[in-house]
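Have a look at the structure that comes next, please.
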Amino acid sequence: MTGSAGIVGQYAIQLGRHQGLTVIGDARQQDTALVESFGAHHVVPRGDAMAATVRELYPGGVDAVIDAALLGPAILPAVRDGGQLVAVRPFQGETERGVTIHLVQVAQHLHEGNRIGELADLADKGVLTLRVAAVLRAAEAAEAHRRLQAGGVRGRLVLTF
């Protein structure tokens, strides 16, 4: 899982653990404890060297990687031959060794209210934890967009009306 300290990473780690998967997350040194708190089995340094570090842990590669940090081709070496990479934005580059690329976007699931209900139930049960980075007035929506654009937001920005 790349981008593990972000909200997509957090939910992916927690959902993976809930499904019984072994989860590897990446983090900057200052985010290691945060990613560990989500339940990652292993936390490795983030960045282009992540793939090599994952291969040290799992020499044959992992079955799949969720690429929330948009590493693209740099993370492919972590994936086993014939494995999968899940991208949250269109993948920039070529795949290799039979690795399948899946693009997942929220807009594809807008009419799946039952799935939202399942996620809400998991939040109620404490499987998913909700993080609020800041609460801003609706008039500060532009500031919220600037923060999101800059990256590094640890949690959700909530606008109050």
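The values are calculated or read from the model by the stated rules, or taken from the named source; none is laboratory data. Note that the structure is a prediction, hence the values are computed from the model and not measured. Please note: Cβ atoms are built from the backbone with ideal geometry, for glycine as well, and neighbour counts cover all protein chains shown.
Across segment 131-159, which residue is nearest to the chain's Cα centre (by Cα) among those that are of a type in the set (Val, Ile, Thr) and at pLDDT below 95?
Filtering segment 131-159 for residues that are of a type in the set (Val, Ile, Thr) and at pLDDT below 95, the one nearest to the chain's Cα centre (by Cα) comes out as Val153.
All but one of (1) closer than 25 Å to Arg17 by Cβ; (2) surrounded by 10 or more Cβ atoms within 10 Å (Cβ to Cβ) hold for Leu157; which doesn't?
Among (1) closer than 25 Å to Arg17 by Cβ; (2) surrounded by 10 or more Cβ atoms within 10 Å (Cβ to Cβ), Leu157 violates only (1).
Scan segment 100-121 and give yes if some residue there is in contact with a strand residue (DSSP E or B) (Cβ under 8 Å, 6 or more places away or on another chain) and part of a helix (DSSP H, G or I), otherwise no. Break it down stepwise before answering.
First, the residues of segment 100-121 that are in contact with a strand residue (DSSP E or B) (Cβ under 8 Å, 6 or more places away or on another chain): 100-104.
Subsequent filtering for residues that are part of a helix (DSSP H, G or I) retains none.
Looking for residues that are in contact with a strand residue (DSSP E or B) (Cβ under 8 Å, 6 or more places away or on another chain) and part of a helix (DSSP H, G or I), one finds none in segment 100-121, hence no.
Restricting attention to segment 18-39, report how many residues are farther than 18 Å from Leu85 by Cα and touching a residue at least 12 places away in the same chain (Cβ under 8 Å).
So the answer is 9.
Here is a follow-up. Go through (1) assigned to a loop (DSSP other than H, G, I, E, B); (2) free of Cβ contacts under 8 Å to residues at least 24 places away in the same chain; (3) out of contact with any helix residue (DSSP H, G or I) (no Cβ under 6 Å at 6 or more places or on another chain) for Thr129 and report which single condition fails.
Condition (2) is where Thr129 drops out.
Filtering segment 61-87 down to residues that are under 12 Å from the mean Cα position of the chain (by Cα) and surrounded by fewer than 18 Cβ atoms within 10 Å (Cβ to Cβ), which residue is farthest from Thr22 (Cα to Cα)?
Among them, the one singled out is Leu70.
Inside segment 67-99, can you point out the residues that are part of a strand (DSSP E or B) and either among the basic types (Lys, Arg) or free of Cβ contacts under 8 Å to residues at least 40 places away in the same chain (or both)?
Filtering segment 67-99 for residues part of a strand (DSSP E or B) gives 67, 79-87.
Selection gives Val79, Arg80, Asp81, Gly82, Gly83, Gln84, Leu85, Val86, Ala87.
Could you list, in sequence order, the residues of segment 36-60 that are buried (at least 21 other Cβ atoms within 10 Å of the Cβ) and either more than 16 Å from the chain's Cα centre (by Cα) or outside any loop (DSSP other than H, G, I, E, B) (or both)?
Phe38, Val43, Val44, Met50, Ala51, Val54, listed by residue number.
All but one of (1) crowded, with 16+ Cβ neighbours inside 10 Å; (2) at positive phi; (3) touching an Asp or Glu at 6+ places or on another chain (Cβ under 8 Å); (4) not aromatic (Phe, Trp, Tyr) hold for Gly98; state the number of the condition that does not hold.
Evaluating Gly98 over (1) crowded, with 16+ Cβ neighbours inside 10 Å; (2) at positive phi; (3) touching an Asp or Glu at 6+ places or on another chain (Cβ under 8 Å); (4) not aromatic (Phe, Trp, Tyr) leaves (1) as the failure.
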